[in-house]
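Below: the structure, in structure tokens.
The values are calculated or read from the model by the stated rules, or taken from the named source; none is laboratory data. Just so you know, these numbers come straight off a predicted model, no measurement behind them. FYI the Cβ positions are ideal-geometry reconstructions off the backbone, even for glycines, and counts take in every protein chain you see. Accessible surface is based on the protein model in full, side chains and every heavy atom, while ligands, DNA and RNA are left aside. Shrake-Rupley method; radii C 1.70, N 1.55, O 1.52, S 1.80 Å.
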Amino acid sequence: MQIFGVDIGGSGIKGAPVDLDRGELSDPRHKVLTPHPATPDDVADCVREVVDHFGWSGPVGVTFPGVVNGGTIRTAANVDKTWVDVDARALLGERLGGVPVTVLNDADAAGVAEMQFGAGRGREGTVIMLTLGTGIGSAVFTEGRLVPNTELGHLELHGHEAEKRASTKVRDDEQLTWEHWAHRVQKYLTHVEMLFSPELFIIGGGVSRKAQKFLPLIEGIRAEVVPAELLNNAGIVGAAMTASRASEARAT
Ligand code: BGC
């Protein structure tokens with residue numbers, strides 16, 4: 001079975017039909033650049049362009065980099081603030097010609113995909129996926145079930161928001177060495193571990209491709225710390241999986 005997944009990010013809006021049995025894209029993804037400012041209306045047009053590229057008409061799952069409650073956006077830390085309180089499910093549904101749309105947080109989507117097809121496969125207990133990128137996203141699972149919208153990137157760490165200290169954007173902006181940045185990530189993981197005592201941390205985001213450069217530098221964490229396996233496509237796959245589950249729920 002196939003469902004379409006779209007990942008809305010700060011630099012690109014990417015999507016593809018997803019083969020839900022294998023957790024892989026059925027076709028190479030299509031990407032359009034995120035407009036600036038990334039207003040709801042302009043982003044909705046981009047989502048339509050991505051979906052139309054494949055001639056897709058059917059359920060679509062969409063990720064958003066903020067809190068999403070029942071399809072409505074509640075926060076927009078690193079995106080245009082006009083998104084707050086927008087019913088994204090209704091907006092995108094209308095823009096895509098009335099197909100069912102499911103919207104969820106980007107890190108939650110990536111986590112859903114990793115739990116089924118990646119580093120979290122078969123893992124029980126508490127598993128926490130952290131996506132290190134422009135911000136820090138989090139997805140918390142207990143016995144395989146997601147607790148949505150946990151927003152652990154905004155925890156306070158030494159008087160700062162964690163994502164303002166340990167995201168990959170901060171590493172680039174402050175030109176931190178891998179050692180220096182890994183030390184900050186270690187402090188962050190220690191704090192999250194103190195709160196949740198997970199069995200496993202999955203580190204996602206683009207930097208997970210370079211896991212060998214920083215994960216070996218992280219010490220003193222009791223939980224296992226592993227890189228994400230699905231890399232760039234986790235958000236798209238997780239969005240499609242969530243849209244598929246929503247379709248099944250509607251059908252029963
Ligand atoms: C947002 C989260 C998002 C994360 C990664 C944070 O700033 O608050 O909702 O998951 O960035 O994009």
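For the reader, a short list of remarks on this structure follows.
- Candidates in segment 130-158 are the residues that are in a loop (DSSP other than H, G, I, E, B) and charged (D, E, K, R); of these, the one that is farthest from the ligand (Cβ to nearest atom) is Glu143.
- From the list Arg29, Arg48, the one residue that fits, being under 22 Å from Thr131 (Cβ atoms) and of a type in the set (Lys, Arg), is Arg29.
- Only listed residue being free of Cβ contacts under 8 Å to residues at least 12 places away in the same chain, open to solvent by 30 Å² or more (accessible area, probe 1.4 Å) and within 24 Å of Gly10 (Cα to Cα), chosen from Glu248, Glu156, Glu229: Glu156
- Residue match in segment 41-59 (condition: more than 17 Å from Thr242 (Cα to Cα), assigned to a loop (DSSP other than H, G, I, E, B) and aliphatic (A, V, I, L, M)): no
- If you go through segment 73-87 and pick out every residue that is open to solvent by 20 Å² or more (accessible area, probe 1.4 Å) and not in a loop (DSSP other than H, G, I, E, B), you end up with 3.
- Subset of segment 30-40 (residues that are assigned to a strand (DSSP E or B) and open to solvent by less than 20 Å² (accessible area, probe 1.4 Å)): Val32
- Going through (1) among the hydrophobic types (A, V, I, L, M, F, W, C); (2) more than 23 Å from Thr168 (Cβ to Cβ); (3) more than 11 Å from the ligand (Cβ to nearest atom); (4) touching a helix residue (DSSP H, G or I) at 6+ places or on another chain (Cβ under 9 Å) one by one, Val127 falls short only on (2).
- Checked against (1) more than 30 Å from Leu152 (Cβ to Cβ); (2) within 16 Å of the ligand (Cβ to nearest atom), Val99 passes all but condition (2).
- Subset of segment 1-29 [open to solvent by 10 Å² or more (accessible area, probe 1.4 Å), closer than 20 Å to Gly111 by Cβ and outside any strand (DSSP E or B)]: Gly9, Gly10, Leu20, Asp21, Arg22, Arg29
- Just so you know, in segment 58-72 the residues that are small (Gly, Ala, Ser) and farther than 22 Å from Asn233 by Cβ include one that is most open to solvent (accessible area, probe 1.4 Å), and it is Gly70.
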